[in-house]
Amino acid sequence: MTNGAERKALTFRSLAIGILIAVIVNIWGPFSIYRLHSSLITDDYMPLAVVFLFFLIVVALNPALKLMSRKWAFTPSELIIIFIMGLVGASIPTYGLTGHLIATIAAPYYWATPENHWAEYLHKYIPNWIVPSNETGAMAWFFEGLPEGEKIPWSAWFVPLFWWLSFVAVLFFVLFCIIVILRKQWVEKERLIFPLTQVPLQMMEGSDKKSLVPALMRNRLFWIGFAIPVFVIGWMIAHWFNPLFPGIPLSGAGVVIGPASGIVLGRGFPGIVLKLWFPILGLAYLVNLDVLYGVWFFYLLGIIQVGIYTRIGYSLGSADTYCSSHPPLGWQGVGAIIFMVVWSLWMARSHLRDVFRKAFKRDCDIDDSGELLSYRTAVFGLIFGMMYIFAWLYRAGMEPKVLALFVPIALIFYIGIARMVVEGGLVYLRAPQIPQVTTTYALGSSAISPASMTALALSYTVIVEIKAHFVSAAAHAAKFADVVKLKKRSVLLAICIALVVSMFVSIWYTLSLGYKHGAYNYGRFIFRAGATIPFESVVSKMLNPFGPDLKRLTFLGIGGVVMAALTFMRYRFIWWPIHPLGYAVAGTLPISHTAFSIFLAWAIKSIVTRLGGVVLYRKTLPFFFGLMLGHFIAAGIANFVDWGWFFGEGHEISGW
């Protein structure tokens, strides 16, 4: 699939199916967690809903088309366009964007009380164009449900959503420009492996041949691996219907092994979580051994570090929400990500020089025909987009010194997470800290104006936990276009259409659902504590002002120095077995939940490659694809079981 001229992929039917999947995931995802109280099916970087629907296309719809006529079957290029549109679409609902966006801008007036001091410290600094008013009860109705006979007050949302969506559109465009600028460096020069791209590619491998189903589905090892999570989840479904039937301890998508608290090394040490995640085990098997080793090694090292600090009574204070639960690890992770991104840009300096020469001097010797945007468009789009972002946040109340730190830190986190996903294949991942916390402690809350603190709180709408973000979908879309030789304009158009459709559907559905049932009744974090945390956090820091936190900044510096040393060892010595990537995210919640599965993948892959080399490794790959796909398909079916028999009392067997 990698040879030949660029292929036409954006046909009418691939576009129609792609739009349909984007619509489905933006309704199914919110419906699952808000109404069913079931699994998180659109979260993270390989969303269950997208894989589930793509699987149905590959094993059901496409074979049916082949039976009618071989000419009617989807081509590999069409299938990839469909997957790209689904992946982009899944980055929008719930925790990706619209959940945080709507919950945060609906909160400041509805949740204000004399006790939380929001009216005193925040309301006077909130521009009237940035959040909807609650004067007519529009926000109260959203959280509590519409009174009988009332209509949804759409007009209350038009102005703030217009301005926020303009900000989102420009931010996404800036991130897309960055991906275009870095694509050749990551793909052709550094040869990052993009493990997650193997999921759809393997699912459709051979789909253009005479066989009805792809080659992967004709492998016995695949079905053996597929059967294991299907059996486990099927067993749990039987337990749901009859509590006397023995259950299997599940937590999120993982099978809990051993005590719920994990293995404790000693008094004061965090427990080592023993949880077997079939999709993580399957995906991690695709990742390089040094990356896997680095993740679980630094996770264990972090537990030892936290345990020692606890025993000697050293503390940086409580952790902020959306940050690592152990601040020393979180701040080291921030320093590590900053160094990682700066170093990667330094390593790309020759390529970046070519990019800017092409953009400003139109150098004909530099070829950018393989990019989704021309370098000139990407560079000037980045420049003017950044100007708009700075101007927008300034008008929202953020002063220049805060802007000068907050925006670069946010971009560094976005680039860093995208690189870790494409290089490390870590599907469950988020940054060790959010930019708002880093900015506040670096400058000191006493040095930040109330208007800037308010703007920082409002920025939680868009820039918060980087958990299932568009930037990763864009990076993988660029890789798909390169691997399958798709027409670049087709990919760009597919991405734009998927974004517009997803944004419209997600906002409409989330608001409609809220006014019909009351968003507070969703029972989910995002529309309860998640809606108030941004404002509670900044008001708390305003009530208890502090200067620049030198202790936290010291750990940031330590993280940068350690990351530099690890990077030097990796580049200087071929035998060095530890990839530094794991150090940056060792203290995050997703890693604590998945480290055991990553360790198992490392151990199994080490044994397999030692015994049989690359040949044996490739032979065993279908089994691990089966583990991953079996979990996603079984969890998707379980979601429908929740819909039919346990509505509102669902079971979360996918997500963390």
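Structure notes:
- Selection status of Gly149, free of Cβ contacts under 8 Å to residues at least 24 places away in the same chain and either over 14 Å from Phe527 (Cβ atoms) or crowded, with 22+ Cβ neighbours inside 10 Å (or both): yes
- Enumeration of residues in region 277-304 that are among the hydrophobic types (A, V, I, L, M, F, W, C) and not in a helix (DSSP H, G or I): Trp277, Leu286, Val287
- One residue alone among Ile233, Ile228, Ile224 is loosely packed, with under 15 Cβ neighbours inside 10 Å, part of a helix (DSSP H, G or I) and on the phi < 0 side of the Ramachandran plot, and that residue is Ile224.
- Criterion violated by Leu543 - all others in (1) of a type in the set (A, V, I, L, M); (2) under 19 Å from Val131 (Cβ atoms); (3) over 26 Å from the mean Cα position of the chain (by Cα) satisfied: (2)
- Failed criterion for Gly385 (all others in (1) modelled with pLDDT under 95; (2) under 24 Å from the mean Cα position of the chain (by Cα); (3) among the small types (Gly, Ala, Ser) hold): (1)
- In region 125-136, residue surrounded by the most Cβ atoms within 10 Å (Cβ to Cβ) [restricted to those that are of a type outside the set (A, V, I, L, M) and in contact with a Pro (Cβ under 8 Å, 6 or more places away or on another chain)]: Pro132
- Pair list, Cβ under 8 Å, 6 or more apart: region 428-442 residue of a type in the set (D, E, K, R), other residue assigned to a loop (DSSP other than H, G, I, E, B): Arg430/Tyr322; Arg430/Glu465; Arg430/Ile466; Arg430/Lys467; Arg430/Thr588
- Annotation note: Cβ proximity below 7 Å between a residue of region 506-535 that is of a type in the set (Gly, Ala, Ser) and a residue that is surrounded by fewer than 22 Cβ atoms within 10 Å (Cβ to Cβ) (sequence gap 6+ or interchain) occurs for Ser512/Ile152; Gly518/Glu144; Gly518/Gly145; Gly523/His37; Ala531/Trp111.
- Options Ala359, Ala378; residue that is assigned to a helix (DSSP H, G or I), touching an Asp or Glu at 6+ places or on another chain (Cβ under 8 Å) and not charged (D, E, K, R): Ala378
- Residue match in region 456-475 (condition: at pLDDT 95 or above, small (Gly, Ala, Ser), in a helix (DSSP H, G or I) and buried (at least 22 other Cβ atoms within 10 Å of the Cβ)): yes
- Residue in region 105-128 that is among the charged types (D, E, K, R) and over 25 Å from Gly518 (Cα atoms) present: yes
- Test: residue in region 320-332 that is at pLDDT 95 or above, under 19 Å from the mean Cα position of the chain (by Cα), closer than 25 Å to Lys541 by Cβ and surrounded by 21 or more Cβ atoms within 10 Å (Cβ to Cβ): yes
- Any chance Trp331 is out of contact with any Leu (no Cβ under 9 Å at 6 or more places or on another chain), closer than 20 Å to Ala410 by Cα and of a type outside the set (Val, Ile, Thr): no
- Of all residue pairs spaced 6 or more apart or on separate chains, those with beta-carbon atoms under 7 Å, a first member in region 181-206 that is at pLDDT 90 or above and a second member that is basic (Lys, Arg) and assigned to a helix (DSSP H, G or I) are Val187/Lys479; Phe194/Lys479; Thr197/Lys479.
- Residue within region 212-220 that is under 20 Å from Ala284 (Cα atoms), in contact with an Asp or Glu (Cβ under 9 Å, 6 or more places away or on another chain) and modelled with pLDDT of 90 or more present: yes
- Count of region 419-455 residues which are closer than 22 Å to Ile130 by Cα and buried (at least 22 other Cβ atoms within 10 Å of the Cβ): 11
- Where Gly626 falls short, out of the listed (1) under 22 Å from the mean Cα position of the chain (by Cα); (2) within 17 Å of Met46 (Cβ to Cβ): (1)
- Matching entry among Thr94, Thr98, Thr75, Thr42 (being out of contact with any Lys or Arg (no Cβ under 6 Å at 6 or more places or on another chain) and at positive phi): Thr94
The values are calculated or read from the model by the stated rules, or taken from the named source; none is laboratory data. Model, not experiment: these values are computed from the prediction. Here the Cβ is made from the backbone with ideal geometry for all residues, glycine too, and neighbour counts use every protein chain on show.
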